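Student: Dropping a structure here in structure tokens format, bear with me for questions.
The values are calculated or read from the model by the stated rules, or taken from the named source; none is laboratory data. Just so it is clear, the model here is predicted, and its values are computed rather than measured. FYI the Cβ positions are ideal-geometry reconstructions off the backbone, even for glycines, and counts take in every protein chain you see.
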Amino acid sequence: MFRKPLFWIICTLLALGCVIFTWNFFPKAFPVVTVEITMDRQMAMERAEEIAQTFNLGPEDYRIAASYNLNSRVQNYVELEAGGADAFREMLDGDFYSPYTWRVRFFRELEANETTVRFTPQGDPWGFAETLPEDEPGAEISADSARAIAEESASDFWKVNLEEFTLVESSENMRPGGRLDHTFVYERTDQKIGDAEYRLRLGVGGDKFTELTHFVRVPEAFDRRFEELRSQNSTLASAATIAMIILFGLIGCGFGLFYLLKQRYVIWKQPVVVSSIIAFLVMLAMFNSWPLQWMNYDTALSYQNHVIMQVSMAVLAFIGMAIIFSIIFMAAESLTRKAFPNHINFWKLWSPGAASSKQVLGITFAAFLLVGFELSYVTGTYYFTSNFLDWWYPSSALFNPDVIAEYFPGLTALAISLQAAFWEEALFRAIPIAGAVLIGQRYGRTMLWVVAAFALQAVIFGAAHAEYPQLPFYARTLELIFPSIVFGLVFWFLGLYPAILIHFWYNLVWFSLSIFAISAPGIITSQIMVILLGLLPFWIILFQWFRTKSLDEVPENVLNGAWTPEEEKHITEPEPLIDRETTPAFTPAFLKISAAVGLAGFLVWIFVTDFSKDAPPVEITRTAAVQVAESELAQRNIELDESWQAFSRVFGGVGMDHRFIWQEGGQVAFEDLLGSYLSLPSWYVRYVTFEAEVEERAEEYRVFISRRDSVESFRHMLPEHRPGASIEEEEARRIADQTVAEVHNLDPETLRFVSAESSSLPERTDWVMIYADTLAYPLDEGEARIRVRIAGDEVVGTNRFIHVPEEWSRQYRDSRTIPNTIEMAANILTLLIFLAGIIFAIVRWTKGRFSVRAFLTFSGGILLLMIIGTYNMWPITQVGFSTAQPYTTQVMTSIGFSAVGWVIASMAFGLLAGMVHRWNLPVSGELSQSPGKLASAAVFPILAVVGLFALFSGFVPQSAPNMGNIGMAGASIPLIAGTLSPMMGYISTILLLILVFGSVHHLTNGWQKRQLLFGALLFLAGFVFAASSVESVTSFLLTGTAAGLVALIFYIYILRHHTALIILMAAIYYIIINAGSLVSPMFPGEGLSWILSAVLLGAIAWFWHGKLINPK
């Protein structure tokens, strides 16, 4: 039947009918909005430049960027609660608000001054906003004068009819440069959209008109209801992601590859090449949209640093995708080749004999025709569900002018379509279905396994896409079940290649709609390129057909069944478990020298190291903190029923304000402000409920409790719809003054008033008042400030804080670019080393050179450690829960992803441990037989290193205060948290170091060859070790040099003779560097936890070392 022309003619006609159906019903099925766009990107930039020059907006010598945007928050509100898609279309046709806008940005590197000018799609000026540096001088005029400037400017050029608005908010802010800024918010009186109001914000900086912004004040209640609705989508997608990782990732890829490796059935080179090409295309797509990325450019960074950061992120994405895609496709193709011998070999599909065959032409053309059926199915599904079931899909416009800003508009559509098709078909179709076939072949009932795999992949694939903004939350899941089954059937009968083609072409149709819906100069080139590249499979067939001059049957030698694994190379001699050295390396002279140097280093460490902390410890426990919070609620006559829960944790650590005061004012100024305007480590108790209506659950009580037992601050968060008073600024100022006097014991007359900000809510007016305490602040830059929050006429919170100068903050962000990039690069290299070790471990396991006992021991132990740690730190986790989402779903999602992390980490470390314990590492006979020599060889070199780094640290200025590791105090049992905290770091460090030093040992044949190359690599490895936390480039270079020299010296003189010694050395190092917890504990029990941790580390290190040098 498949060979008869009539069959293909009928299929072609049916596919053509499906396309015609899709074309006709597309506008009826999908909520497409028509937006008349008469302004293009170039016109927007030119018109914006005229406005900027006319009103002197933005910096000089600016750069310019433009983007076309949709306010999706407003769209979601209108479509879900204010009239639906028809109301949104009416909004688009009206003049009250423009959800779609052109935004043109004027900016310059290292300057805070920037401007954004907005236009409607038709080209009408729709507003602007200029950001002035806070230290820029300016006039100090009254609110009435500023309002007159704002209203005159808005009416003059911007053609705003202010008679249709009424003033609802007025705020002022005294900037550090002496400029008084004013903000006025107006509300339209003749129109509303549901419960939302059309509003207008006007800004005046000094005496300059700086902002005109049209916006819709969407009710907070909607945001919370929408978050609750979206949480159902997120929960379903999270469950599917967890199932995908476990079933298709760990079991399918992991065990599948392990099973096939043992049979030598894995082909790895081609998947790596193909995956790298796809990842590279995605990286190019990221660079393709470079002109649009300038819209999000942080002007605090130099252009150079911004480019470095963006390129680093793109390279990171490339590496991550290349690795993940390689593993997925390696498993998928290998399983398919094993399970389906009659399918055409994937790697030979485009070879001359295969590509010019009738079968390859047939499956390619069949995939092409099935795209039409798929499009008609989706169109029909959307038409039925939206018209008869009232399912919600957000409206969208076919045309997106931003595509013109890309260098090659079609590249993004091609890259995204290709990567999604490859990895999704490989992971969701090939791995489960081929795996089911192989399981059935071994255990029987093949079809039962296959049917189960079909159902499983369909449900998981559909649910994994539930994150799309659609309602009900299961809409996307139900929609994709049928296509998933179709894709699976295509894979079952025809192979992985046509399934990928259908998916690719289907995605390409949707992702390239904007390209073909646009009319612009040069776009025809992109449209042609999308078509030509999209049809590349046909061009390959045509090319091979011309080469062979025939269209024959597919040769049998290109089928999967014709492929045979290579013969295994037999090893005549078994690899020894360890490499025992009998030549003395640790001579008495060596031990004496190391003892002298070690003792000297220990003395340096003792006298140079400052064990004290720059902040006092937390002295009360969670129970005591909650009792203090309960007493505070009782004093305020607040009674909470049983539905309320108290979440608590310890807040502490170094913030931007701590760092600023430390660097600019020194330790004296830091100590003067600590506890008053700089926060101390303190308890945070948060009272929330998850049982009331979602709008009411916005109410919270937050209590900050000092390190002892006094309340530092109290915050009552009210839902915005809660009724209250609407007071004027004068009354709000009086209440704030009274609060400052009563709560902070300060005379308001001695403070400088900074700002008054009002918020007009449906049933009340809220105020935020800020004062500057100039008498208590010793620095010329920055300010000590007090904030008072008023809801209606109730004071709902007040706190002290440091205002960090804008320019200092910007300079700090810029200075962190290079250190952050170094840290990221080091993390990538570390992960690559671990990944290489894991792959090496799996290969060795398949060849019998692996310790299963070590794998099980380490995997079980690490899994237990992580479970205990997650349970113990649960109070900290749930503090961050959102009350807009159900508590149970957040618990399930958190535990689910944590469990996946436990399994992956424990298996990864277990694999490395199993490999290491059968790796033939050098062992010194003299050390293994003399505990005294062993202890000396481990202790004294580490003491020397500790002293060296302590000495080096003295040359690097301390850039931030040392406030200790206070986070563990918030655990359920801080003693356990403190005891176990070094364990994961210690184990991962050991495995990393053994991988590095063991690799050097084997690749240099025990340091007998390639010494210069690997000596240099070891030295450079020191910089990777030093990059775990980079404060500055100078400190990194200094520490990296020291670490590189230590790594080189340690290997040459110690570790190449007894590699396992690193286990004991690292334990000693971890114990020593954490000794500050004993000398200067930051919470009750931290000193005891250090002792217990030291005992546990020592026991683990001694046991591990013994097992490694005496494998069985």
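Student: When you check residue 1092 against the structure, is it touching a helix residue (DSSP H, G or I) at 6+ places or on another chain (Cβ under 6 Å), at pLDDT 95 or above, part of a helix (DSSP H, G or I) and surrounded by fewer than 21 Cβ atoms within 10 Å (Cβ to Cβ), yes or no?
Tutor: So residue 1092 fits the description; yes.
Student: Next question. Examine the range 324-333 for a residue that is within 23 Å of residue 561 (Cα to Cα) and β-branched (Val, Ile, Thr), and state whether such a residue exists.
Tutor: Yes: one or more hits.
Conditions tested, residue by residue: (1) in contact (Cβ under 8 Å) with a residue 24 or more places away in the chain; (2) more than 17 Å from residue 952 (Cβ to Cβ); (3) in contact with a Cys (Cβ under 8 Å, 6 or more places away or on another chain).
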site	(1), (2), (3)
1015	yes, yes, no
1033	yes, no, no
1049	no, no, no
1072	yes, no, no
1084	yes, yes, no
1089	yes, yes, no
1095	no, yes, no
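Student: Still on this structure, please answer the following. What pairs come up if the first residue lies in the range 637-653 and is surrounded by 14 or more Cβ atoms within 10 Å (Cβ to Cβ), the second is of a type outside the set (A, V, I, L, M) and assigned to a loop (DSSP other than H, G, I, E, B), and their beta carbons are under 6 Å apart, counting only those six or more places apart or on different chains?
Tutor: From residues that are surrounded by 14 or more Cβ atoms within 10 Å (Cβ to Cβ), the pairs are 652/681.
Student: Here is a follow-up. Of these, 723, 748, 681, which one is within 30 Å of residue 218 (Cβ to Cβ) and either touching a residue at least 40 places away in the same chain (Cβ under 8 Å) or not assigned by TED's automatic domain parsing to the domain that holds residue 878 (or both)?
Tutor: Just one listed residue meets the conditions, 723.
Student: Does residue 161 satisfy the criteria of being free of Cβ contacts under 8 Å to residues at least 60 places away in the same chain, surrounded by fewer than 20 Cβ atoms within 10 Å (Cβ to Cβ) and under 30 Å from the mean Cα position of the chain (by Cα)?
Tutor: So residue 161 does not fit the description; no.
Student: With crowded, with 19+ Cβ neighbours inside 10 Å and at pLDDT below 90 as the only criterion, which of 981, 953, 1035, 1029 stands out?
Tutor: 1035
Student: Which condition number does residue 1039 fail, the rest of (1) assigned to a helix (DSSP H, G or I); (2) touching a strand residue (DSSP E or B) at 6+ places or on another chain (Cβ under 8 Å) being met?
Tutor: (2)
Student: Go through the range 287-310 and give me each residue that's hydrophobic (A, V, I, L, M, F, W, C) and either touching a Ser or Thr at 6+ places or on another chain (Cβ under 9 Å) or under 19 Å from residue 104 (Cα atoms) (or both).
Tutor: Within the range 287-310, 290, 292, 294, 295, 300, 301, 308, 309 qualify.
Student: Looking at the range 634-660, which of its residues are within 23 Å of residue 692 (Cβ to Cβ) and over 37 Å from the mean Cα position of the chain (by Cα)?
Tutor: Matches in the range 634-660: 634, 636, 637, 638, 639, 641.
Student: Inspect the range 228-236 for any residue being of a type in the set (Asp, Glu) and in contact (Cβ under 8 Å) with a residue 40 or more places away in the chain and give the result as yes or no.
Tutor: So far as the range 228-236 goes, yes, one or more of its residues are of a type in the set (Asp, Glu) and in contact (Cβ under 8 Å) with a residue 40 or more places away in the chain.
Student: Looking at residue 813, is it over 34 Å from the mean Cα position of the chain (by Cα), assigned to a helix (DSSP H, G or I) and not assigned by TED's automatic domain parsing to the domain that holds residue 182?
Tutor: Against the criterion (over 34 Å from the mean Cα position of the chain (by Cα), assigned to a helix (DSSP H, G or I) and not assigned by TED's automatic domain parsing to the domain that holds residue 182), residue 813 does not qualify.
Student: Scan the range 136-158 residue by residue and report those that are part of a helix (DSSP H, G or I) and either in contact with a strand residue (DSSP E or B) (Cβ under 8 Å, 6 or more places away or on another chain) or buried (at least 16 other Cβ atoms within 10 Å of the Cβ) (or both).
Tutor: 143, 146, 147, 149, 150, 151, 153, 154
Student: In this structure, does residue 686 turn out to be among the basic types (Lys, Arg) and within 23 Å of residue 887 (Cα to Cα)?
Tutor: Details: among the basic types (Lys, Arg): yes; within 23 Å of residue 887 (Cα to Cα): yes.
Answer is yes for this residue.
Student: Let me ask another. What residue, among those in the range 915-942 that are modelled with pLDDT under 90 and among the charged types (D, E, K, R), is nearest to residue 597 (Cα to Cα)?
Tutor: Ranking the candidates gives 933 first.
Student: Here is a follow-up. Taking the stated definitions as given, is residue 354 assigned to a helix (DSSP H, G or I) and either modelled with pLDDT of 95 or more or surrounded by fewer than 19 Cβ atoms within 10 Å (Cβ to Cβ) (or both)?
Tutor: The answer is no for residue 354.
Student: For residue 742, indicate whether it is of a type outside the set (S, T, N, Q), more than 40 Å from the chain's Cα centre (by Cα) and under 24 Å from residue 683 (Cβ atoms).
Tutor: For residue 742, the condition - of a type outside the set (S, T, N, Q), more than 40 Å from the chain's Cα centre (by Cα) and under 24 Å from residue 683 (Cβ atoms) - is met.
Student: So residue 486 fits all but one of (1) modelled with pLDDT of 95 or more; (2) surrounded by 22 or more Cβ atoms within 10 Å (Cβ to Cβ); what number is the exception?
Tutor: Of (1) modelled with pLDDT of 95 or more; (2) surrounded by 22 or more Cβ atoms within 10 Å (Cβ to Cβ), only one is false for residue 486: (2).
Student: State whether one or more residues within the range 771-782 are at pLDDT 95 or above, assigned to a loop (DSSP other than H, G, I, E, B), more than 21 Å from residue 177 (Cα to Cα) and charged (D, E, K, R).
Tutor: no
Student: Go through 12, 38 for me and flag whichever is surrounded by fewer than 17 Cβ atoms within 10 Å (Cβ to Cβ) and part of a loop (DSSP other than H, G, I, E, B).
Tutor: 38
Student: Let me ask another. May I ask you to say which residue of 252, 256, 194, 206 is touching a Lys or Arg at 6+ places or on another chain (Cβ under 6 Å) and either more than 30 Å from residue 347 (Cβ to Cβ) or of a type outside the set (Phe, Trp, Tyr) (or both)? Break it down stepwise before answering.
Tutor: Working: 252 fails: touching a Lys or Arg at 6+ places or on another chain (Cβ under 6 Å); 256 fails: touching a Lys or Arg at 6+ places or on another chain (Cβ under 6 Å); 194 fails: touching a Lys or Arg at 6+ places or on another chain (Cβ under 6 Å).
Going through 252, 256, 194, 206 in turn, the sole match is 206.
Student: Let me ask something else. Among 310, 359, 293, which is of a type in the set (S, T, N, Q), more than 30 Å from residue 817 (Cα to Cα), out of contact with any helix residue (DSSP H, G or I) (no Cβ under 6 Å at 6 or more places or on another chain) and part of a helix (DSSP H, G or I)?
Tutor: On the way: 310 fails: more than 30 Å from residue 817 (Cα to Cα); 293 fails: more than 30 Å from residue 817 (Cα to Cα).
After applying the criteria, what remains is 359.
Student: Quick check: anything in the range 630-649 among the β-branched types (Val, Ile, Thr), over 30 Å from residue 959 (Cβ atoms) and part of a helix (DSSP H, G or I)?
Tutor: Narrowing the range 630-649 to residues among the β-branched types (Val, Ile, Thr): 638.
Subsequent filtering for residues that are over 30 Å from residue 959 (Cβ atoms) retains 638.
Those still in the list that are part of a helix (DSSP H, G or I) too: none.
Within the range 630-649, none of the residues are among the β-branched types (Val, Ile, Thr), over 30 Å from residue 959 (Cβ atoms) and part of a helix (DSSP H, G or I).
Student: Related question: If you check residue 479 against the conditions, is it of a type in the set (D, E, K, R), free of Cβ contacts under 8 Å to residues at least 24 places away in the same chain and either within 30 Å of residue 437 (Cα to Cα) or assigned to a helix (DSSP H, G or I) (or both)?
Tutor: Taking the combined requirement at face value, the residue does not satisfy it.
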